[in-house]
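Written out below as structure tokens is the structure these notes cover.
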Amino acid sequence: MSHNTFGHLFRFTTWGESHGPAIGCVIDGCPPLIKLSETDIQKHLDKRKPGTSRFVTQRREADIVQILSGVFEGKTTGTPISLMIKNTDQRSKDYSEIKSSYRPGHADMTYHNKYGIRDYRGGGRSSARETANRVAAGAIARKVLGEKINIRGAVVQIGELKVNREKFSWAITDSNPFWCPDPDSIAKWETYLDTTRKDGNSIGAIIEVHASGVPAGWGAPIYGKLDSDIAMGMMSINAVKGVEIGAGFNSAGLSGTQNADELRMNNGKPHFLSNNSGGILGGISNGDDIIVRIAIKPTSSILKTVQSINSDGQEIDLKTKGRHDPCVGIRGVPVAEAMLACVLADHKLRHRGQIG
């Protein structure tokens, strides 16, 4: 299997399967002399790990990260940084009945068609378990970016229930199990997801991620567009089916005057009166906040009986067992933040390499 590496100058390669002994990643291109410890990485992994509430999968993984290389006396050496996270709570027997069955919405059939073999235990490489590696890589990317750049994400919609933008508050996203920025939506989402979970079903979500403090000038105007790389990174996340930047699809309904991010001077610096561009113009950052939204499909593993086929071409009725998220979008927030951090760190180094 090829294409396990993401990025150009700052890049990472992930390895491991959902039910194997461990997962991990190797980060290449991290500059030397950056202070880095396992604690710097662990605090981000703790935000993504399973079993943190009744609204996510009850698989219990501590997701303890080990730095195996690339750090000496608390600082990066400029050599590849190898990280490992052990799997400790696999229940492979939960998947024994689907060994030859294709779960609708999963990559079972496409993996089998491509490779002629698949790891049916939790999906193997196609499992969202792989995203823990991305969060770990994203933690190192944040160190490359420095403290002036702040990346934060929130769930802004679950199913058809949207947050009230007038009550949007970043301050409360870390204090509720949904990464919800609207205090009035928390109880509604709780009831909604309890009902969905007890019904054996699942629901989708929309995540919004902001990066503030990104200087103007990152990106390239043709095949190295900052927004195209962000879109590619976000689309590589499990269950993501759509990406929009700034006004996104709503821009199709705007006039030129409505969509234009008009400019004025503020304290001697350019100031945009709106941010429909999402902080990127012509593939290059403009100094405003970068705003990205991703659509997460409903978790494909549900307790409902669904129609499918098996590897022999027989029509079957299938019910997935195991422990699964009623809304996988909830744990997708740290992953989306991490991918944005990795793209920005890569573009920071690419910009420095070209411009100096």
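The values are calculated or read from the model by the stated rules, or taken from the named source; none is laboratory data. Note that the structure is a prediction, hence the values are computed from the model and not measured. Cβ placement follows ideal geometry from the backbone for every residue including glycine, while neighbour counts extend to all protein chains displayed. These area figures cover heavy atoms from the full protein model, side chains too; ligands, DNA and RNA do not enter into them. Shrake-Rupley method; radii C 1.70, N 1.55, O 1.52, S 1.80 Å.
Excluding L36 itself, what net charge comes from residues whose Cβ is under 10 Å from its Cβ, given Lys and Arg +1 and Asp and Glu -1? Residues near L36 contribute +1 overall.
Summarising the amide proton neighbourhood of K75: residues at separation of 5 or more, or on other chains, whose placed amide H is nearer than 5 Å comprise L36.
Which distance in Å, rounded to a whole number, links the C-alpha centroids of region 1-38 and region 195-264? Rounded to whole Å, the Cα centres lie 24 Å apart.
Note on D89 and S274: the model spin-label points, each 7 Å out from Cα along the C-beta direction, lie 4.6 nm apart. Probing with 1.4 Å while keeping every protein chain in the model, the per residue accessible area of region 111-233 equals 46 Å². Take the Cβ atoms of K188 and R352, set R0 to 41 Å, and the FRET efficiency comes out at 0.35.
The equivalent ellipsoid of region 1-82 has semi-axes of 25, 17, 11 Å, largest first, where each one is the square root of 5 times an eigenvalue of the Cα gyration tensor. Please identify which residues in region 140-158 have an amide N closer than 18 Å to a label point set 7 Å out from the Cα of R54, following the Cα→Cβ vector. Label zone hits: none. For the options H271, H19, H324, a Gaussian network treatment of the chain with springs between C-alpha atoms closer than 10 Å singles out H271 as fluctuating the most. Report, as a whole number in µm² per second, the diffusion coefficient that Stokes-Einstein gives for region 177-241 at 20 °C and 1.002 mPa s using the Kirkwood radius over alpha carbon pairs. Approximately 141 µm²/s, per Stokes-Einstein. Among T257, T110, T79, the largest mean-square fluctuation in a Gaussian network model of the chain (Cα springs under 10 Å) belongs to T257. The mean sequence separation of alpha-carbon pairs under 8 Å and at least six residues apart, normalised by the residue count of region 125-257, gives a relative contact order of 26 percent. Each principal axis of the Cα cloud of the chain was taken in turn, and the coordinate range along them, longest first, works out to 67, 49, 37 Å. Accessible surface ranking for V65, V26, 1.4 angstrom probe, highest first: V26, V65.
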